[in-house]
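To keep things clear, I will list the structure first and then write my remarks on it.
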Amino acid sequence: SPAIYRKDYTPPSYWVRTVHMGFDLDPSATRVATRITLERNFDSTEKAVVLYGDEVELVQIHLNGKALSKRDYALKDGVLRIPVAVNEITLDIETLIRPDKNTSLMGLYVSSGNFFTQCEAEGFRKITYFPDRPDVMAQYTVMLRADKTKYPVLLSNGNLIEEGDLGDGRHYALWEDPFKKPSYLFALVAGQLVCQEETIKLKSGRDALLQVWVEDGNLDKTQHAMDSLINSIRWDEERFGLELDLDRFMIVAVGDFNMGAMENKGLNIFNTKYVLANPRIATDVDYANIEAVVGHEYFHNWTGNRVTCRDWFQLSLKEGLTVFRDQEFSADMVGTDSGRAVKRIDDVRVLRQAQFPEDAGPMAHPVRPDSFVEISNFYTVTIYEKGAEVVRMYQTLLGRDGFRKGMDLYFKRHDGQAVECDDFRAAMSAANGRDLTQFERWYSQAGTPRVTAKTSYDAASKTYDITLSQSCPATPGQAKKLSFHIPVAVGLLDSSGKDMTLKLDGEVATIGTVVLELTSAQQTFRFTDVNEQPVPSMLRNFSAPIVLEYDYSEEELAFLMAHDSDAFNRWEAGQRLATRRLLALTSSAQKSDALSIDQALSDSLRATLNDTQLDPAFRETVLTLPAETVIAEQMDVIDPQAIHTARRFLRHSLAQALRADFVAAYKANQTRGNYSPDATSSGKRALKNLALSYIAELDDADAHALAQAQYDVANNMTDRMASLSALANSQAPGKAAALAQFYSDFEQEPLVIDKWFSLQATARTTDVAAVRKLMLHPAFSIKNPNRARSLIFSFCNGNPSRFHAADGSGYVFWAEQVIALDAINPQVGARLARSLDRWRKYAPELQEKMHAALKRVAAAKLSKDTKEVVTKSLA
Ligand code: HT7
Ligand code: ZN
């Protein structure tokens, strides 16, 4: 398949003004009648209406009431061109589709006997021929007709205008969306569903009806999603002055879904994983994720729906901005400074574990890509998470008030439009009178910039210089990079650990943090009136998505860990110390040298663990060692076994050295009484369960007894999973019984069975043979994306030492599964295909086996999704 280029963008030949759709819903033959009114766009030179279709049977087309024959149009590769000379036309298009055979989960499909749609990015064309591109925005009216008993609930975007019986056991519902929208925001849901609802008063005094729709039997799991929705609505009113623009807002949960959720106008469709929760089935992390995803989809109503993307190259315009908004929402919901820092740490962890590797691999692309073969492959951590970092940098550079001014201007200028990333940047610039020309490079250049810092203190002149130099590695298609505009937030600590007053080149003094703006390849920033040699705290709160290199001494890092007023950098100092140690241990493991414990690191970690002035949630982040994937990123040649050995050794040594401290933390952080997912309680559980996981490293009778006891009395899923994980990764005698008990207790809860598979897929003892055996379990189904992710993806991405087994058996398994999944669902297949895209980073023996597996996949009959990934991986 050919690549599509951003530079080739041309405006649509016709605008669509109105869309009237009639659906006769039937799983094996759904008839769709669509009437579209179109108006010529004089900015286009094209003299034809251009419609797209994908695996949809075209029954008939009428133009202004006259039936068209095949001679009246050209249909090739899913593109339908109708030559037209007039400026205003009406098209009637009838299509026939088979939702029950649709395993791609794009367009209209069936899940548990109910109908759902997923139209972003290009799923609408699987329903009817249409100018399916985001810059074509129209007003939709939708008539749904279906069997009344099988499909009692009929939902679409906007307001319910009319409903009633049709006789013959069928009924109908007529929906009208008052807002114009691109086709990717169209949605319908039909089936046997029930809802929790609530009417709230919006800030302006209007009423809004909120509904959370689920399958019968799940109404005891909707309260948290409803609370999260209400909190999201309130937050957007307060923080950005943005109100819900609809009288009715619906969330629907579906068990078969390719991604997390979808922001269809007024009818958000969610993966059940991000809706359903009660203490019996959901962990603290699930509760937090639900809040974040409900917020994310709701925030899209303004950033994505009211102002949308001109084309899919601009995807980060809505996704980066909306991730930034959901991150800020989650941080504000915790409220405390420490809670905000923990949230920031979690977000940066995702960036480092997933986005940095992407940015250094064959699929690296700019936040605003220049080309793609299949847009579904570009819903990436770069578009989402790096995009959010880019938005965050505006706020860092302009301040919270300046950022808000930019947002206000963005909406004032572009409400109801489909625009570009450059329009967002222009609004930020104009609202603040700031030149942000160079900032554009964050959108156009891929790769993670490296900033190297050098410092020098001159006691005589009391000056302290920080010299920053930047570079960025080459990425596919971009050999040379121009300098980025990088905000580097800096503080200086005096010898007592306090923040110094900062005077930059004689400018007005600031206490605490100053944002240095690095715009050239190298720049020196001079602090004056510095009375003593400071310890620098750099890149506070992770002020830019870069790698910052500075030659800290171990003492300086321990000092920052103990004193930095910036909680993020306290954590960061600990991570730097642990990373150094882990890299040294990895190198020793590679040489089969004896591994030894590091007293300084364990002393620093002990001090943090026992510092009860610090929130438990924060202590947990400090005591969590960098992930194996993060260590891998720091190596020229990745050795998964050596990294695994090193990290296990360090965890085991720390467990031995700090056993008494972990036991004390375990006891001191019990949560009693009714379960609540609030930040304080979940923080305590996080620290307690981290302590348990360290103690479990010792794998002795006491450790087994502790895990077993917790498992036996757990009154919530967080504690249950933590103890089951401790057992599953040990030699505990009760391990098999606990796993069996867990399965039988939760057999009826698909989301919990996903956890059961995932826990086993990532357990230390689970090799390929064990995964293959689990695939034969009656509860396993490769067709359900959540289930496939819980076992196959968890193993390939979350169990590196077993997946990268020296005999290459993991790669053989991977190739089989990519090919099998691709035939069912190209998006899911293509995601799994990404697991080997960094193959060139591994040792030659592994590389060779990975290469063979990649070639095997490349030789199979593939969707364009998976083809693009393996082709780029092999390039
Ligand atoms: N905007 C939504 C994207 C999405 C999606 C894309 C491709 C295939 C399936 C999908 N489901 C949802 C999700 C979001 O960012 O909110
Ligand atoms: Zn989104």
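The values are calculated or read from the model by the stated rules, or taken from the named source; none is laboratory data. All values derive from a computational prediction rather than experimental measurement. All Cβ positions, even for glycine, are placed from backbone atoms using ideal geometry, and neighbour counts span all protein chains on display.
Annotations
- Test result for ASP337, acidic (Asp, Glu), away from ligand 1 (no atom under 11 Å from the Cβ) and within 22 Å of MET137 (Cα to Cα): no
- Considering SER790, SER781, SER801, the condition of being farther than 24 Å from ASP359 by Cα and surrounded by fewer than 21 Cβ atoms within 10 Å (Cβ to Cβ) is satisfied by SER781 alone.
- Figure legend. Inter-residue proximity from region 384-401: first residues over 13 Å from GLU328 (Cβ atoms) and assigned by TED's automatic domain parsing to the domain that holds PHE324, second residues hydroxyl-bearing (Ser, Thr, Tyr) and within 15 Å of ligand 2 (Cβ to nearest atom), beta-carbon distance below 6 Å, spacing 6+ or different chains. Indicated pairs: GLY387/SER316.
- Comparison of ASP719, ASP754 shows that the only residue that is closer than 30 Å to ASP337 by Cβ, buried (at least 19 other Cβ atoms within 10 Å of the Cβ), touching a Lys or Arg at 6+ places or on another chain (Cβ under 9 Å) and acidic (Asp, Glu) is ASP719.
- Within region 327-349, none of the residues are out of contact with any strand residue (DSSP E or B) (no Cβ under 9 Å at 6 or more places or on another chain), within 12 Å of ligand 2 (Cβ to nearest atom), of a type outside the set (S, T, N, Q) and at positive phi.
- Checklist (1) over 14 Å from LEU609 (Cβ atoms); (2) out of contact with any strand residue (DSSP E or B) (no Cβ under 7 Å at 6 or more places or on another chain) applied to ASN669, failing item: (1)
- Check on ALA430, farther than 30 Å from ARG834 by Cα and within 16 Å of ligand 1 (Cβ to nearest atom): no
- Of the strands (runs of 3 or more DSSP E) that lie entirely inside region 479-530, those containing 2 or more residues that are touching a Lys or Arg at 6+ places or on another chain (Cβ under 8 Å) and not polar (S, T, N, Q) span 486-493.
- Checking each residue in region 620-635 for being surrounded by fewer than 24 Cβ atoms within 10 Å (Cβ to Cβ) and touching an Asp or Glu at 6+ places or on another chain (Cβ under 9 Å) picks out only ALA632.
- Hits in region 285-321 (condition: among the hydroxyl-bearing types (Ser, Thr, Tyr), in a helix (DSSP H, G or I), within 11 Å of ligand 2 (Cβ to nearest atom) and not assigned by TED's automatic domain parsing to the domain that holds ASP370): TYR298
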